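Quick notes on the structure that follows.
Taken together, the values in this text are just the output of simple stated rules run on the coordinates, not laboratory data. None of these values were measured; they are calculated from a predicted model. Note that each Cβ is placed from the backbone with ideal geometry, even for glycine, and that neighbours are counted across all protein chains shown.
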């Protein structure tokens, strides 16, 4: 009886540990991760409020952006933003603040992918050739998301006003079973 209680506690703790996990993706080596984050950046830029940005038509705009660190994702988001300003809103982006009619300061708060697993898994520990913490799905909902978020300040130099926070999430979800994963959504876009 005394040995059974620790065994029951270990089994319950193992099941609870396998019920939910979250993994932040550090690299975009896979195509799905790249597509999720690039689509979320595209959706983010398209969601900028037209009533505020349409006023930039014919104006010269100096753009400065900030993120936690310089990265290829930040550069990609910056280029996507400049393209939208010049082509959709007909602004002229300038590289010197002294030549600008308006200043746009962007603060990116997220440019990443996120992976959540909800459900029941059986941890199987270390298996050569597999990632740390390998597990076998019993039944899980795997949520793989690309997330892009920013807020901005727009206006004349030293008179910028804060705009709203804009967020875009692109999702691909799947049902994880013991030996098969069934996609519930995909990120293919038909333009």
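As a footprinting exposure proxy, order 56, 141 by other Cβ within 10 Å, with the fewest listed first. All intermediate terms of the calculation are to be shown ahead of the outcome.
On the way: 56 21, 141 14.
Result, fewest neighbours first: 141, 56.
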Check your understanding: So if we plug the beta-carbon distance of residue 160 and residue 98 into 1/(1 + (r/R0)^6) with R0 = 22 Å, what FRET efficiency do we get, rounded to 0.05?
Key -> 0.85
Check your understanding: By per-residue mean of other Cβ atoms within 10 Å, what is the highest-first order of 117-123, 181-187?
Key -> 117-123, 181-187
Point to revise | Cβ crowding within 10 Å averaged over residues, with 94-104, 33-43, 76-86 ranked highest first | key: 33-43, 76-86, 94-104
**Study point:** Antiparallel DSSP beta bridges within segment 50-191, as percent of all bridges there, nearest 5
**Key:** 80 percent
